[in-house]
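Remarks on the structure that follows.
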Amino acid sequence: MLEDFRNKSIAPKSNYKVGAVIHTNLGNKYGGFNIEFDKIEHTLHAEQTSYINFLMNKSVGEYPTSIDVSAAPCGHCRQFLSSLGGSDMLVNFGDDSVLLSELLPHPFGGCSGDVFIEDMVIDFNMDDPIEYTDYMMGKSINKFTKFKGGCVIETYDETLHGGFFIENDAFNPSINPVVMAMCNLYL
Ligand code: THU
Ligand code: ZN
């Protein structure tokens, strides 16, 4: 599964494919891959894409227990996951299997994700783009700024791909609603 997601990578700038798969307490798996944009600072790392996949599809009470990654996660992803991932998770890459709290022993802001993500559920069976944008905006993860943002991209086949603002304790790396909607378009 990890290799399947790595192969979906959209990396026209680096040609470097990364795959990630989040495993949860309910036994589900959510995959992701890196997505590069012309503005490379908007690049989504595979760990973030799999996290978005998890957020979009999770059930009440579901949280990540481990993540498989095709390469060691960078510092930015360690901060992102420890701030948003909930309880500690095992990170598997190559022959290594290390707790996130060991990869990043002193995360900025501590580990606070479990407070708000565990009960989060996203309904994506909406067909009105404006209503869906409002709905997604309301899902924003914004503990500090309270800033809300929503975006919906409609494709020619009338499918809606939504995104909202995902704030990290350290602000960077946060994810803006447009980038999240693009991610859902590619997932
Ligand atoms: N990349 C990831 O997907 N995860 C990481 O933690 C490190 C880097 C991606 C970003 C970019 O598309 C490519 O790898 C080269 O940096
Ligand atoms: Zn990263």
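The values are calculated or read from the model by the stated rules, or taken from the named source; none is laboratory data. Just so you know, these numbers come straight off a predicted model, no measurement behind them. Cβ placement follows ideal geometry from the backbone for every residue including glycine, while neighbour counts extend to all protein chains displayed. For the accessible areas, the whole protein counts, side chains as well, though only heavy atoms, and no ligand, DNA or RNA atoms are used. Shrake-Rupley method; radii C 1.70, N 1.55, O 1.52, S 1.80 Å.
Some points to look at:
- Answer from LEU103, LEU187 - the residue that is within 16 Å of the chain's Cα centre (by Cα) and not charged (D, E, K, R): LEU187
- Of all residues in segment 117-152 being open to solvent by 40 Å² or more (accessible area, probe 1.4 Å) and hydrophobic (A, V, I, L, M, F, W, C), the one that is nearest to the chain's Cα centre (by Cα): VAL121
- Unique residue being closer than 30 Å to GLU158 by Cα and charged (D, E, K, R) when the list is ASP123, ASP96, ASP88, ASP68: ASP123
- Taken together, the residues in segment 165-187 that are open to solvent by less than 40 Å² (accessible area, probe 1.4 Å), free of Cβ contacts under 8 Å to residues at least 60 places away in the same chain and more than 18 Å from PHE37 (Cβ to Cβ) amount to 1.
- Within segment 57-80, the residues that satisfy the criterion of being open to solvent by 40 Å² or more (accessible area, probe 1.4 Å) and touching a residue at least 40 places away in the same chain (Cβ under 8 Å) are ASN57, SER59, VAL60, TYR63, THR65, SER70, HIS76.
- Candidates LYS13, LYS8, LYS17: the one that is under 18 Å from TYR186 (Cβ atoms), in contact with a Ser or Thr (Cβ under 7 Å, 6 or more places away or on another chain) and either in a helix (DSSP H, G or I) or touching a residue at least 12 places away in the same chain (Cβ under 8 Å) (or both) is LYS17.
- Hits in segment 36-56 (condition: near ligand 1 (Cβ under 10 Å from one of its atoms), surrounded by fewer than 23 Cβ atoms within 10 Å (Cβ to Cβ) and not in a loop (DSSP other than H, G, I, E, B)): ILE40
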